[in-house]
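Novice: Please find one structure pasted underneath; my questions will follow.
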């Protein structure tokens, strides 16, 4: 079963705009990660945020974590056509496995 | 530095057949996890191998089995294939527990007809 649920399921924006996607999860976590997947191929690790962190930045990416609401958000600033992909959150609660959400399909229009 | 290598890239099998998928982890990684991703869905955890043993298993039937070799490479075997086994199978490697993230391979697209 899916632990995380991304919202929205699909998002279409113009190049240069910001894209925000959200992830909600059900149980307490050790950390949360965001991944990108292009065209149904392998996933690429973007950023990891630990349960005791509230915000992290990496280049044009900004991730926030609210453990009280069991939610996280991924912000991509100044989006580019190359950002077109599916984005997944993945969580672990201390076991070895990560549970992935259903993903947000982002389309950036040039 | 080679990342995670999976083979084959694509595979077509008939219902009832058996299939073996292969994965070579990223250099320096000792843990291999396998995921199944159906079309339009997120990856589902199948199992994880560490020190040549299955360390944790997801909610998959015994038809799904695996192996890890001393060089950390891994195989995923699926017996008695069903149409519903058609999916993208992803291998992810990590060091110890993936607390720093997985490195994924490009996947094997399995089609069962």
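Novice: Of all residues in segment A:1-23 being at pLDDT 95 or above and part of a loop (DSSP other than H, G, I, E, B), which is nearest to residue A:73 (Cα to Cα)?
Specialist: A:18
Novice: Please work out which residue is modelled with the lowest pLDDT, limiting yourself to segment A:24-44 and to residues that are closer than 20 Å to residue A:71 by Cβ, at the interface with chain B (Cβ under 9 Å from one of its Cβ atoms) and crowded, with 18+ Cβ neighbours inside 10 Å.
Specialist: Top of the filtered list is A:31.
Novice: Quick one: in segment A:85-97, of everything that is modelled with pLDDT under 90 and either touching a helix residue (DSSP H, G or I) at 6+ places or on another chain (Cβ under 6 Å) or within 7 Å of chain B (Cβ to nearest Cβ) (or both), which residue is surrounded by the fewest Cβ atoms within 10 Å (Cβ to Cβ)?
Specialist: A:95
Novice: Same structure, new question: Check every one of the strands (runs of 3 or more DSSP E) wholly within segment B:33-113 and list those with 3 or more residues that are surrounded by fewer than 20 Cβ atoms within 10 Å (Cβ to Cβ).
Specialist: B:53-57, B:64-68, B:108-112
The values are calculated or read from the model by the stated rules, or taken from the named source; none is laboratory data. Computed from a predicted model, the values in this text were never measured in an experiment. Cβ atoms come from the backbone with ideal geometry, glycine included; neighbour counts cover every protein chain shown.
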